[in-house]
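The block underneath contains the structure these notes are about, expressed in C-alpha cells.
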Amino acid sequence: MRSYGAFLHMLVQLRSERSQYFGTFFFRNRPELELLRTLAGSRAKAAALRIAVLACSNGAEVYSILWTLRRAYPDLEIAVDAIDISKEIVEIAKEGCYSLETPELVDAPIFKYLTDEEMLTMFDREGDRVRIKAWLQEGIDWHVADARDPELANAMGRYDVVVANKFLFHMPPADAEKCLRNIARLVGPGGHLFVSGVDLGVRTKVALDSGWSPVQDLLEETHNGDALVRHDWPWRYWGLEPFTRQKSDWNIRYASVFQLGAAPVRS
C-alpha cells in the first residue's frame, strides 16, 4: 500500500500545475515550535537572536514564533525579518489585525489550532476582529522580496535561524532546488534552517550535496506535526509521505531542520 501510495503521489506531482497559496494557521506545527524554543535556549545568554521568516504570508507563523520564544526567554533580544513576495499580504501581516469570520486573503481557518488561553495572550479583541498585542509586534521588520533573488543574502545578511516553510513545494522541483540553495546562503555559520513544505527528494538532494547536518531531536514529531499536509498524501502534490525508518536515508529525508556549517551526519 505504501509503494502504491508513493507511485500515485509521483503521478500527482508530475501532472499537477503548481501555484503559490497564502493559506496558513497560527501554531501550525507545535513540535517544530518546541524544537525552535530548545535551539534558541542555547543562545539565550547571547546578545541577540536574529531570525528570518520567508514566505511570511499573513504573519501567523511570525507571531507564533515570537509568542513561543518571548514567553520562554523574556530577556533575549529577538530581531525578526519577515519576508514575502506579496506587498498586499505583507501589509496585512504588519498590521496584525484579523477578522474572526473571513481572514483576509487566506482561505483557511487561521485560528483553528489556538487554545482559548493563547487567544487571550496573543490578541486584543476589537468587535469581530482581533489585533496582535504590542509585545509581539516589537522587533519585526517587514519586507517585500523574492526568496529566489540571488542578491537576497547580500541585501539581508546572515541569520541565526532561517524559517522557509510551506512554499517551496508550490514551485516546480528544479526551481525549488535553485531557490533552496539560495535560501541557504542566508544562514550564518552554525545557524539553523527550518524547511518543511518542500518535495522530499529536492530537500534530500540539496542537504546531501551541501553537507547539512539534520537535527535529530523531535525529527519524527516535526515531520508529522502538520496534520494538513500529512492527510493530503498521496492525493495532492504538497502531500507529505508517511515517516518510516525503513529508508536508508530516513534521518536526512524526513528532517525538516538542519544545522549549516557544522559537521554533517552520515546516513
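Do we find that Asp116 is without any contact (Cβ under 8 Å) to a residue 12 or more places away in the chain and more than 18 Å from the chain's Cα centre (by Cα) in this structure?
yes
Scan the range 119-166 for residues that are over 19 Å from the mean Cα position of the chain (by Cα) and of a type in the set (S, T, N, Q) and jot them down.
The answer is Thr121, Asn154.
Can you list the helices (runs of 4 or more DSSP H) found entirely within the range 184-246 that contain at least 1 residues being in contact with a Ser or Thr (Cβ under 7 Å, 6 or more places away or on another chain) and among the polar types (S, T, N, Q)?
It comes to 219-223.
Considering each of Val206, Val229, Val187, Val202 in turn, give the residue that is within 25 Å of Gly41 (Cβ to Cβ) and under 18 Å from the mean Cα position of the chain (by Cα).
Going through Val206, Val229, Val187, Val202 in turn, just one is within 25 Å of Gly41 (Cβ to Cβ) and under 18 Å from the mean Cα position of the chain (by Cα): Val187.
Under 9 Å between Cβ atoms, at least 6 apart or on separate chains: pull out the pairs that start in the range 206-226 with a residue that is over 17 Å from Val161 (Cβ atoms) and end on any residue that is of a type in the set (Asp, Glu) and part of a loop (DSSP other than H, G, I, E, B).
Leu208/Asp249
Yes or no: Asn154 part of a helix (DSSP H, G or I), polar (S, T, N, Q) and at negative phi?
yes
Can you tell me which residue is modelled with the highest pLDDT among those in the range 251-267 that are closer than 20 Å to Leu218 by Cβ and more than 20 Å from the chain's Cα centre (by Cα)?
Among those residues, the one meeting the criterion is Ala262.
Is it the case, given these coordinates, that Gly190 is surrounded by 14 or more Cβ atoms within 10 Å (Cβ to Cβ) and at pLDDT below 95?
Spelling it out, it is not the case that Gly190 is surrounded by 14 or more Cβ atoms within 10 Å (Cβ to Cβ) and at pLDDT below 95.
Can you find a residue that is at pLDDT 95 or above, closer than 16 Å to Ala79 by Cβ, touching an Asp or Glu at 6+ places or on another chain (Cβ under 9 Å) and not charged (D, E, K, R) anywhere in the range 119-134?
no
Does Val162 satisfy the criteria of being more than 16 Å from Thr204 (Cα to Cα), exposed (fewer than 15 other Cβ atoms within 10 Å of the Cβ), touching a helix residue (DSSP H, G or I) at 6+ places or on another chain (Cβ under 7 Å) and in contact (Cβ under 8 Å) with a residue 40 or more places away in the chain?
So Val162 does not fit the description; no.
Please specify each residue of the range 120-151 satisfying the condition of being closer than 28 Å to Leu228 by Cβ, touching a helix residue (DSSP H, G or I) at 6+ places or on another chain (Cβ under 8 Å) and among the hydrophobic types (A, V, I, L, M, F, W, C).
Met122, Val130, Ile132, Leu136, Ile140, Trp142, Val144, Ala145, Ala147
Can you name the number of the only condition in (1) closer than 19 Å to Ala48 by Cα; (2) in contact with a Phe, Trp or Tyr (Cβ under 6 Å, 6 or more places away or on another chain); (3) hydrophobic (A, V, I, L, M, F, W, C) that Val161 fails?
(2)
So which pairs qualify, if the first residue must be in the range 165-176 and more than 24 Å from Phe27 (Cα to Cα), the second must be of a type in the set (Gly, Ala, Ser), the Cβ gap must be under 8 Å, and the two must be at least 6 apart or on different chains?
Pro173/Gly201
The values are calculated or read from the model by the stated rules, or taken from the named source; none is laboratory data. Keep in mind that this is a model prediction, so the values were computed, not measured. Quick reminder, even Gly has a Cβ in these numbers, built from the backbone with ideal geometry, and neighbours come from all protein chains shown.
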